[in-house]
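Before any comments, here is the structure.
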Amino acid sequence: MKTSSFKSQQKWEVDLSSEEKAEIALDIFEKSKLNFLVRFGKYLKQDQLQYFQQFTESYEPDNAEIGLVLKELYRNVSESTHQVSVKNRRYAALLQMVEDDTYFSEIEMMKRNPLLYEQLVGQYLTEEEKKGEG
């Protein structure tokens with residue numbers, strides 16, 4: 001789960017309520033959009049980050065930095081989205097192989113890890129069985 005530090009607290013202090021966290025975040029947002037993005041930007045989705053694009057269009061002091069932070073956050077969002085889609089594709093391919101009964105076939109196991117296959121299975125095969133594989 002994603003967590004962010006809203007306020008420095010001691011271990012014995014009571015955790016902040018959701019309302020207190022929202023109040024702190026709003027206060028940071030109102031004081032400095034740049035500080036808000038730096039602290040909480042990694043928790044925002046791409047469509048939420050687009051809101052901050054409007055602050056890069058004027059020539060106020062922090063706006064150039066906001067643009068740089070946004071660029072980095074967009075890059076991180078797209079990388080993590082790409083990584084998730086790659087993992088999903090791999091998982092779908094694995095499920096398909098299991099469904100087709102090819103994942104646990106002797107030939108596939110031999111292809112995936114020949115040394116392990118030889119240590120666990122191959123050493124117990126007869127010469128005739130070994131010739132039948134090749």
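The values are calculated or read from the model by the stated rules, or taken from the named source; none is laboratory data. Keep in mind that what you see is a predicted model, and the values were worked out from it rather than measured. Glycine also receives a Cβ, built like all others from the backbone with ideal geometry; neighbour counts cover every protein chain displayed.
Looking across the stretch 50-73, the residues that are modelled with pLDDT of 85 or more and farther than 12 Å from Lys33 by Cβ come down to Gln50, Leu68, Lys71, Glu72, Leu73. Scanning the stretch 1-29 for residues that are of a type outside the set (Gly, Ala, Ser) and at pLDDT below 80 yields a total of 10. Under 9 Å between Cβ atoms, which residue pairs at least 6 apart in sequence (or on different chains) link something in the stretch 89-112 that is surrounded by fewer than 11 Cβ atoms within 10 Å (Cβ to Cβ) with a partner that is of a type in the set (A, V, I, L, M)? What qualifies is Phe104/Met97; Phe104/Val98.
In the stretch 114-128, of all residues being loosely packed, with under 10 Cβ neighbours inside 10 Å and part of a helix (DSSP H, G or I), the one that is modelled with the highest pLDDT corresponds to Leu115.
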